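Chemist: Just passing along the structure, written as structure tokens.
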């Protein structure tokens, strides 16, 4: 089965990773960033080697977000980020093909152990099964 595994963050977290900490998220130093990237790179390499990783990406700062909706006449309405009312945003994801929910849960628990500086906010790792019952994607 295929699963989408997501990690969350906030605009404050992206600022903190750039060395600009706040009350919500302490500044990351070079060692903390290196530990996080080393952890994620090792995890990704192992998931590729096992054949479970189909895709995975970290996402840029939510300040680069763009929302597109339609007005009453069907014209696009474009809004650029960041959004003060948004607490958490999608920070990164993996598309995994795993034999079971238990296996993807093991992987998510490992993701949750990613090193970060003391006092940094902790977010749950979100697992969603990908619905493959719909029309063919070809």
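The values are calculated or read from the model by the stated rules, or taken from the named source; none is laboratory data. Not measured: the values here are computed from a predicted model. When we count neighbours, we look across all protein chains shown, and the Cβ atoms used for this are built from the backbone with ideal geometry, even at glycine.
Chemist: Taking the range 12-55 only, how many residues are touching a strand residue (DSSP E or B) at 6+ places or on another chain (Cβ under 6 Å) and within 12 Å of residue 91 (Cβ to Cβ)?
Modeler: Residues that pass the stated criteria total 0.
Chemist: Does any residue of the range 107-122 turn out to be touching a residue at least 24 places away in the same chain (Cβ under 8 Å) and at positive phi?
Modeler: yes
Chemist: Name the residues in the range 1-29 that are free of Cβ contacts under 8 Å to residues at least 60 places away in the same chain and either in contact with a helix residue (DSSP H, G or I) (Cβ under 6 Å, 6 or more places away or on another chain) or in a loop (DSSP other than H, G, I, E, B) (or both), would you?
Modeler: Hits for the range 1-29 are 18, 19, 20, 21, 22, 23.
Chemist: Residue under question is residue 113, and the condition is that it be touching a helix residue (DSSP H, G or I) at 6+ places or on another chain (Cβ under 9 Å) and at pLDDT 95 or above; does it hold? Even if it seems obvious, please write down each step before you answer.
Modeler: On the way: touching a helix residue (DSSP H, G or I) at 6+ places or on another chain (Cβ under 9 Å): yes; at pLDDT 95 or above: yes.
Against the criterion (touching a helix residue (DSSP H, G or I) at 6+ places or on another chain (Cβ under 9 Å) and at pLDDT 95 or above), residue 113 qualifies.
Chemist: For the range 30-57, what are the residues that are outside any helix (DSSP H, G or I) and loosely packed, with under 13 Cβ neighbours inside 10 Å?
Modeler: Start the filter on the range 30-57 by keeping residues that are outside any helix (DSSP H, G or I), which leaves 51-57.
Across the range 30-57, the qualifying residues are 51, 55, 57.
Chemist: A follow-up question, please. For the range 78-96, indicate whether the set of residues that are touching a strand residue (DSSP E or B) at 6+ places or on another chain (Cβ under 9 Å) and surrounded by fewer than 10 Cβ atoms within 10 Å (Cβ to Cβ) is non-empty.
Modeler: yes
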